[in-house]
Structure formats: C-alpha cells, structure tokens
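Encoded as structure tokens, the structure appears first; notes follow it.
The values are calculated or read from the model by the stated rules, or taken from the named source; none is laboratory data. In this text, all values refer to a predicted model and were calculated from it rather than measured experimentally. Cβ placement follows ideal geometry from the backbone for every residue including glycine, while neighbour counts extend to all protein chains displayed. Side chains are part of the model used for accessible areas, which takes the heavy atoms of the whole protein and leaves out ligands, DNA and RNA. Shrake-Rupley method; radii C 1.70, N 1.55, O 1.52, S 1.80 Å.
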Amino acid sequence: MFCEQCEQTASGQGCHQWGACGKSPEVNGVQDLLIYCLRGLAPVALRAREFGISTHEVDVFNCEAIFATMTNVNFDQKRFIDYIRRAIAYREQLKLQIEQATGVSQNWSELSCYEPCFDSSLSEQGQDLTLKFISQSGKNVDIFSLKLTVLYGLKGVASYAFHAQELGQEDERVYQFCYEALAKLDTQDLSLDDWVSLALKVGEINLRTMELLDAGHTNTYGHPVPTKVALHPKAGKAILVSGHDIPQLEAVLKQTVDTGITVYTHGELLPAHGYPLLKKIYPHFYGHYGTAWQNQTKEFAKFPGAIIITTNCLMPPHDNYEDKLFSIGPVGFPGLNYLATGVDGSVDFTPAIRKALELRGFTEDEVAKNEPRQVTTGFARNAVLSVADQIIAAVKGGQIRHFFLVGGCDGAKPDRNYYAELVEKVPNDCIVLTLACGKFRFFDKDLGHIGGIPRLLDMGQCNDAYSAIQIAIALAKAFEVDVNQLPLSMILSWYEQKAVAILLTLLHLGIKDIRLGPTLPAFISPNVFKLLSQKYNLAPITEPDADLAACLA
Ligand code: FS2
Ligand code: SF4
C-alpha cells in the first residue's frame with residue numbers, strides 16, 4: 001500500500017504495510033481505485049456540463065465519495081465497492097446523455113473508459129493503478145509532491161462542499177473545480193509552476209467552500225454568540241454526537257424531543273453550542289463530553305449512552321463500545337451500526353435512540369461526583385467583530401500586544417504538547433484565538449481577560465478558519481495595514497486533509513510566517529517546502545519559548 005496523506009503516517013514517510021490510522025492495505029487499495037474511477041468520471045462530467053446537462057446528483061456524489069477517502073472517515077471495503085460501482089454507473093449514464101444531446105459518439109481517454117473487474121480483487125487493482133500513477137509522476141519528485149498536495153487539499157474541499165450542500169449552500173464553481181482538479185491529475189505536461197498555481201487554486205476554492213459552509217451554518221442557526229457549555233453531565237439517558245455535522249446534530253435533537261434523552265457534543269461539535277437557534281429550540285441540547293478524537297476509545301467506552309459519529313475522526317472501534325456506536329453519511333467501519341441516508345436526505349436515528357433508552361445513562365451518584373465545569377465557545381467573526389472597537393483601542397493603547405492563532409488538528413503524538421505549552425506561556429498581554437480539535441489540549445484553561453475581552457477565544461471548528469480569516473481581514477482594514485503586518489502569529493497543527501485545504505487557503509491569501517507542526521507533511525518534498533518557505537516564510541514549529549520570542553520580536 002501507499003498512503004502518506006496524514007500527519008501520523010508511518011515513520012513520517014508513508015504507510016506501506018498497514019495504516020497507522022488502522023486502515024488496512026485492502027481498504028487503501030479500494031480507496032485508491034475509487035479515486036482512479038472519480039478521475040475518469042471527472043472529464044465526462046466536465047463535458048456534460050459544457051453541453052448543459054445537469055450533473056447535480058453526480059456533483060454531490062463526487063464530493064461524498066472523495067470525502068469518504070479522507071483519514072479516519074471510512075474503513076469499510078464494501079462501502080467503497082458501492083461508491084466505485086456508482087462512479088462507473090454515473091460516468092456511463094453521463095456519456096449516454098452527452099451522445100443523445102450531441103448526436104455524435106465521443107472519444108474518451110483510457111481513464112474515462114476504465115472498467116474495474118468486480119470478479120477479482122478490487123483492492124489489488126487499486127494498488128496496481130497507484131503504482132502506475134507513482135511511476136508516471138514519480139520521476140519528478142517535486143511534481144509528484146504537488147500532485148499529492150492538490151489531491152489531498154481537494155479532499156478537504158470536497159468534505160466542506162459536502163457539508164455546505166447539506167445546508168443548501170452550493171456553488172457551481174466548487175463542483176466544477178473538483179472535476180477540473182481530478183482531471184488534471186492525469187496530465188503529464190504541466191510545469192512545476194503550473195502545479196504550484198493549481199495547489200493555490202485549491203486554497204482559493206476552499207475559501208469559497210468554507211464561506212458557503214459558514215453561510216449555511218449562520219443562515220440556519222444564527223451567528224454564534226459566546227456561550228457557556230457544561231463539561232459535567234446531568235442525570236438521565238444520553239446521546240453523544242461526534243464529528244462536525246451540525247445539521248445532523250440538529251436532526252438528532254429533533255428526533256429526541258420529549259424522549260427524556262439529553263444530547264451532548266463530542267470533539268469538533270463543541271462549537272455547535274454557540275449557535276443561538278439550536279440552544280433556543282432544543283432545551284435537551286445540554287453539554288459537551290470528552291476531548292479530541294484520539295481520546296475516543298477511552299471516552300466512548302465510558303459514555304453511558306448511544307454515540308453517533310457524523311464525520312471524521314473515527315478510530316477503529318473497540319469491542320467495549322461498538323454496540324452503542326452508530327455512523328452516518330460517508331463514515332463507516334465494517335460491522336459498525338450504520339444509519340443510511342434516506343432518499344429525502346434524512347437519517348432515521350431510531351436505532352440510536354432505542355439504544356440510548358436501553359442504556360443506563362448518567363446516574364445521580366455519577367453526576368454528584370463531577371465538579372461543575374464549563375468552557376465558553378462561540379467567538380466567531382460576528383461576536384469578535386462586534387467588539388472590534390474595544391479590541392482596536394486595546395491594541396492602540398498597548399493593553400493587547402499580540403494575537404496568536406493556535407489552531408488546527410489534534411492527534412496522539414506526544415510532541416503535540418507543544419501547543420498546550422505554548423498557550424500556557426503566551427504573555428498576559430496577548431490574546432489566543434483558537435479553532436478545531438487541537439484546542440482540547442488547552443480549551444478549559446482560564447487565561448483571564450484583558451479589559452473584558454477573554455484571553456482565550458474559541459472561534460469554532462476547523463472550517464471556521466473562514467471566521468478567523470474574516471477577523472484578520474477586518475482588523476487589517478481597521479489598522480490600515482496588510483494582514484501580514486498585524487500583530488498576529490499563526491501557529492497551526494495539522495493532521496488530515498481538511499487542514500491541508502486550509503493551509504492552501506492561507507497561502508492563497510498570501511499569509512506569511514505561518515508555523516506548522518507537529519511535523520511537516522511527508523508528501524511535501526524538500527524542494528517544494530523550500531519554495532514555500534522562500535515565498536511565504538512557512539516554517540516548522542520549534543520550541544514554544546523560541547517560537548514565542550520570534551513571534552513577539
Ligand atoms: Fe479534528 Fe479530525 Fe476538524 Fe480534523 S476531529 S483532526 O479530522 O477535521 O479537525
Ligand atoms: Fe497512514 Fe494517514 Fe494514510 Fe492512515 S490516512 S494510511 S495513517 S497516511
């Protein structure tokens with residue numbers, strides 16, 4: 001197998017025997033085959049679009065299928081075989097529609113005519129095709145590195161586009177680009193500069209996609225407001241919802257009204273508490289349980305209710321909680337309870353609700369043992385910019401010296417303690433902005449206030465990088481400087497491909513001096529990294545003291 005798409009890739013060089021995430025070579029092979037089939041579907045979908053043929057169903061499928069191949073989303077071979085069948089069926093259906101529309105038979109590339117053999121190992125076919133892709137592209141390591149950057153960034157874009165369309169937010173440009181980028185992976189004649197431009201284009205399209213998702217969330221649930229979230233449970237039956245999918249969280253809330261079940265968030269769903277309409281409509285939407293994804297095997301085992309995982313990051317489930325864990329959408333694991341999406345796009349959560357009612361829930365005794373604890377979330381762009389005057393005055397008056405955006409993914413590696421240590425050491429006259437699951441290393445720290453402004457501001461999920469960007473742009477405008485001249489340092493942690501897309505967005509915006517860790521992506525070749533450091537001063541994290549000193553210099 002060959003996979004180096006995430007930060008925990010084996011020995012920092014690539015998973016070749018078995019995925020460090022738990023992905024088997026067989027699953028990796030069918031994922032590769034699916035991507036190959038989607039690359040063959042892409043030129044057909046682009047041609048169909050030229051002839052005005054509607055591709056909407058295929059557009060959504062394309063995003064979902066790409067999303068399923070992201071790290072910690074789906075480990076179930078059967079589901080990938082189904083996606084492969086559908087990719088081929090959509091491709092052939094579109095070809096037929098094109099021929100009917102034009103009246104002429106079309107010439108298609110070998111890639112767009114490829115038929116997998118369903119009677120022999122699809123996984124081996126995927127592996128062979130990947131070896132071919134490596135040998136075709138691998139002659140130039142830097143171009144290969146950029147091709148992987150485009151593909152991995154595209155996975156992030158597709159996942160956000162999938163979420164945005166669930167909320168009715170779509171943009172033809174995003175779908176079109178997904179096909180264009182997939183089709184370009186097949187080209188051999190692009191220069192290094194062309195590939196750099198394409199990687200930055202992924203970042204540009206990702207910005208638009210995150211904007212769509214932001215509009216979907218804020219139009220549906222209102223702009224986030226600072227909200228205190230209980231970290232201690234309350235007595236009674238319980239459901240825990242993990243992942244990133246807020247509309248699916250709402251569907252759970254809707255279906256549990258009057259059941260006596262209390263709904264908790266886990267991981268990247270913590271910021272959902274900041275959306276005022278969810279809180280207003282659903283009084284049983286109560287608190288947050290647990291921390292970041294890599295702690296789920298311990299946290300899920302202890303949770304005394306049903307658990308629903310809506311997106312990444314799913315870890316291979318352990319026997320002691322597998323029966324109360326349910327997945328939906330693109331998420332899957334062999335043998336895991338899967339709640340399929342109906343034709344109307346809805347999920348029936350009855351089996352999870354039934355399981356929650358069977359389980360004991362939190363007992364009074366258990367609750368009494370937990371000290372009341374809470375955190376505050378909801379400092380997205382509207383909330384922060386509503387006090388922009390106060391912030392600007394505090395910066396001008398010297399009360400606020402610097403802002404640190406410490407955001408991104410968490411993971412199991414011990415060197416991720418860097419981020420907690422850095423936040424602890426940030427001087428008292430500085431503000432820490434944070435987002436995504438990396439914050440769970442310090443999210444409950446009391447850093448105090450500067451003139452009424454909390455020193456730790458949780459802006460939301462990874463996709464709320466959009467909010468952080470809007471705040472930076474607004475502050476730069478207010479100070480009449482370029483974003484790079486703001487007293488702002490970005491210290492990011494990456495793990496999976498949503499983070500790759502976000503990094504490309506920041507580079508597309510010309511943001512410089514980003515510090516990235518805990519390690520650099522294995523798929524970035526030394527020359528490509530050199531190029532990015534020269535142009536953007538992108539640098540690896542070092543030690544908290546040294547990095548803080550450099551940022552404040
Ligand atoms: Fe965290 Fe995992 Fe958010 Fe990433 S829950 S590392 O996929 O998307 O951030
Ligand atoms: Fe390895 Fe990450 Fe790929 Fe899993 S997703 S196989 S850990 S590189």
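Please go through the stretch 377-460 and write out the trypsin sites (Lys or Arg not before Pro) that DSSP classes as loop and that have at most 16 other C-beta atoms within 10 Å. Answer by residue number: ARG401, LYS445.
For the listed peptides 478-484, 82-88, 515-521, 402-408, a ranking on the average number of other beta carbons within 10 Å per residue, highest first, reads 402-408, 515-521, 82-88, 478-484. Entry note, the chain: relative contact order of 18 percent, from Cα contacts under 8 Å with a spacing of 6+ residues. Once the Cα-Cα distance is subtracted from the 0.36 nm per residue extended length, the ALA546 to ASP82 segment shows a gain of 162.0 nm.
Residues within the reach of a label modelled at GLN390 (point 7 angstrom out along Cα to beta-carbon, backbone nitrogen below 15 Å), restricted to the stretch 450-468, are 450-458. Annotation for PHE479 and GLN17: the two label points, set 7 Å from Cα along the Cα-Cβ direction, are 5.0 nm apart.
What percentage of the solvent-accessible surface of the stretch 1-94, computed with a 1.4 Å probe over protein heavy atoms, is contributed by carbon and sulfur atoms? So the carbon and sulfur contribution to the accessible surface is 49 percent. With 0.36 nm allotted per residue and the present C-alpha distance subtracted, the GLU366-SER121 stretch has 83.2 nm of extension available.
Its relative contact order, with pairs defined as Cα atoms under 8 Å and 6+ residues apart, puts the stretch 1-158 at 33 percent.
Each residue, ASP319 and GLN399, gets one label point 7 Å from its Cα in the Cβ direction; the gap between the two is 5.9 nm.
Note that the chain presents 39 Å² accessible area per residue, ligands and nucleic acids not counted, probe 1.4 Å.
Shape analysis of the chain based on the Cα gyration tensor places the equivalent ellipsoid semi-axes at 36, 30, 22 Å, largest first.
Largest first, the residues GLU64, GLU26, GLU172, GLU358 sort by 1.4 Å accessible area into GLU358, GLU172, GLU26, GLU64.
If one puts a single equal scatterer on every Cα of the stretch 144-191 and applies the Debye formula without solvent, what log₁₀ I(q)/I(0) results at q = 0.19 Å⁻¹? Log-scaled intensity ratios, in q order: -0.63.
The eigenvalues of the Cα gyration tensor, multiplied by 5 and square-rooted, give the stretch 421-528 an equivalent ellipsoid with semi-axes of 24, 19, 13 Å from largest to smallest. Legend: distances between Cα atoms for LYS237/LYS302; LYS139/LYS535; LYS302/LYS439; LYS228/LYS445; LYS439/LYS498; LYS201/LYS512; pairs beyond 20 Å are LYS139/LYS535; LYS302/LYS439. From most to least packed by mean Cβ count within 10 Å, the peptides 495-501, 250-256, 231-237 give 495-501, 250-256, 231-237. Solvent-accessible area assigned to carbon and sulfur over the stretch 425-504 amounts to 51 percent, based on a 1.4 Å probe. What whole number of Å gives the distance from the Cα centroid of the stretch 29-49 to the Cα centroid of the stretch 113-140? The stretch 113-140 and the stretch 29-49 have Cα centres spaced 13 Å from each other. For the stretch 253-340, the relative contact order is 21 percent, taking Cα pairs closer than 8 Å that sit 6 or more residues apart in sequence and dividing their mean separation by the residue count.
Ligands, DNA and RNA left out, the accessible area of the stretch 288-405 computed with a 1.4 Å probe is 51% carbon and sulfur.
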